[in-house]
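To start, the structure itself, in structure tokens.
Please treat every number below as a calculation from the coordinates, not as lab data. If you're wondering where the values come from, they're calculated on a predicted model, not measured in any experiment. Counting neighbours? That spans all protein chains shown, and the Cβs are built from the backbone with ideal geometry, glycine included.
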Amino acid sequence: MKIAQITDLHIGLEGQETFNIDVRDNFLLILGEVVYSQPDLIVLTGDLCFDQGEVEIYHWIKEKLDNTDIPYLVLPGNHDNPQMMMEIFEIDYSHGDEEIYFAKKLAKTTALFLDNSKARHSDNQKKWLKRQLHQADKNILVFMHYPPAKCGVSFMDKNYALQDMKDLQKLFHKYEKNIYLFCGHYHTEKIIHLDNLHIAITPATYFQINPYQEEFEVDTYQIGFRLIELSKSRCMSKVRYIEGKKLNP
Ligand SMILES: [Fe+2]
């Protein structure tokens, strides 16, 4: 099974200033590459909106995704509004709290989709996660926005790290299972292995952040997505890049 992960679109409202980057075209260019790769599923791991959740932006993204005829799933990031997303993307919502989290079987493997758009997870979500991890087989896929660890990316680790990463790590390490976790948020490409937890950070379709600087600095305007190949016994992935687009070059 092939899964394409797209993250950190940061689409603005029509005409909104997005630092001279053509965020809508960037997303469409990546979506074109994704369609060409013929995945079985597309997963968007948050920051669909530039700054905050906007109905118009979600409708625009939904229309583009619907046009691909490829099944897709969406998760919120810290620049999204989960409630708005549930309504517009018609996400089945049954946990009784304002978070989007659910489990699915992908190629007979348990895949968990988490909501940390508030930079942390509710106690309810953590209880649910614990149950899911306990019940799942040996290999587990996880999709979420924030990486659940410090990643050696100075600016992001210092200012925008997940607040309850220790709780999450404790849960992921509790069971002797292989966890393949795919996230975004850091606007860079990175793989981190913490025992049984394998974290893959996927680059944004907006721009990438210099991972080596203490202060914010753009690393590159190349944009990317991750293609995940999942079989019964293994999970492999690679990132593909293309040139991003400026509004006024
Ligand atoms: Fe982002």
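Return the residue satisfying two criteria in turn: it lies in segment 182-197 and is touching a residue at least 24 places away in the same chain (Cβ under 8 Å) and part of a strand (DSSP E or B), and of such residues it is nearest to the ligand (Cβ to nearest atom).
Kept after step one, since they are touching a residue at least 24 places away in the same chain (Cβ under 8 Å), are these residues of segment 182-197: 182-190, 192, 194, 196-197.
Next, only the ones that are part of a strand (DSSP E or B) stay: 182-183, 190, 192, 194, 197.
Values: PHE182: 15, CYS183: 11, LYS190: 14, ILE192: 18, LEU194: 22, LEU197: 22 Å.
Result: CYS183.
Which residue is surrounded by the fewest Cβ atoms within 10 Å (Cβ to Cβ), if the candidates are limited to segment 207-227 and must be part of a loop (DSSP other than H, G, I, E, B) and not hydrophobic (A, V, I, L, M, F, W, C)? Write out each step before concluding.
Step one: of segment 207-227, the residues part of a loop (DSSP other than H, G, I, E, B) are 207, 210-217, 221.
Narrowing the set further to residues that are not hydrophobic (A, V, I, L, M, F, W, C) leaves 210-215, 217, 221.
Details: ASN210: 17, PRO211: 20, TYR212: 12, GLN213: 13, GLU214: 11, GLU215: 9, GLU217: 11, TYR221: 15.
It comes out as GLU215.
Do we find a residue being closer than 20 Å to ILE201 by Cβ, in a loop (DSSP other than H, G, I, E, B) and within 16 Å of the ligand (Cβ to nearest atom) anywhere in segment 10-19?
yes
Contact list please: Cβ distance under 9 Å, first residue in segment 33-46 and within 21 Å of HIS79 (Cβ to Cβ), second residue surrounded by 19 or more Cβ atoms within 10 Å (Cβ to Cβ) and of a type in the set (Asp, Glu), pairs at least six apart or on different chains.
Close Cβ pairs satisfying both conditions: THR45/ASP8; GLY46/ASP8; GLY46/ASP80; GLY46/ASP115.
Might you check whether a residue that is without any contact (Cβ under 8 Å) to a residue 60 or more places away in the chain, among the hydroxyl-bearing types (Ser, Thr, Tyr) and in a helix (DSSP H, G or I) occurs anywhere in segment 88-111?
The initial filter retains those residues of segment 88-111 that are without any contact (Cβ under 8 Å) to a residue 60 or more places away in the chain, namely 88-105, 110-111.
When the remaining residues are screened for being among the hydroxyl-bearing types (Ser, Thr, Tyr), the result is 93-94, 101, 110.
Among the residues that remain, those that are also in a helix (DSSP H, G or I) are: none.
No: segment 88-111 contains no residue that is without any contact (Cβ under 8 Å) to a residue 60 or more places away in the chain, among the hydroxyl-bearing types (Ser, Thr, Tyr) and in a helix (DSSP H, G or I).
Give me the pairs: first residue in segment 117-144 and within 16 Å of LYS177 (Cβ to Cβ), second residue in a loop (DSSP other than H, G, I, E, B) and basic (Lys, Arg), beta-carbon distance under 8 Å, and six or more apart or on different chains, which are they?
Close Cβ pairs (under 8 Å, with a partner that is in a loop (DSSP other than H, G, I, E, B) and basic (Lys, Arg)) amount to LEU133/LYS177; ALA136/LYS177; ASP137/LYS177; LYS138/LYS177; ASN139/LYS177; ILE140/LYS177.
With respect to GLY32, is the statement that it is among the small types (Gly, Ala, Ser) and within 16 Å of the ligand (Cβ to nearest atom) true? Steps first, answer last, please.
Numbers: among the small types (Gly, Ala, Ser): yes; within 16 Å of the ligand (Cβ to nearest atom): no.
No, not satisfied.
Just one of ALA204, ALA149 is part of a loop (DSSP other than H, G, I, E, B), among the small types (Gly, Ala, Ser), more than 16 Å from the ligand (Cβ to nearest atom) and under 26 Å from GLU217 (Cβ atoms); which is it? Show your work before the answer.
Working: ALA204 fails: more than 16 Å from the ligand (Cβ to nearest atom).
Among ALA204, ALA149, only ALA149 is part of a loop (DSSP other than H, G, I, E, B), among the small types (Gly, Ala, Ser), more than 16 Å from the ligand (Cβ to nearest atom) and under 26 Å from GLU217 (Cβ atoms).
Conditions: (1) β-branched (Val, Ile, Thr); (2) more than 18 Å from the chain's Cα centre (by Cα); (3) surrounded by fewer than 19 Cβ atoms within 10 Å (Cβ to Cβ). ILE91 meets all but one. Number of the miss?
Looking at each condition in turn, ILE91 falls short on (2).
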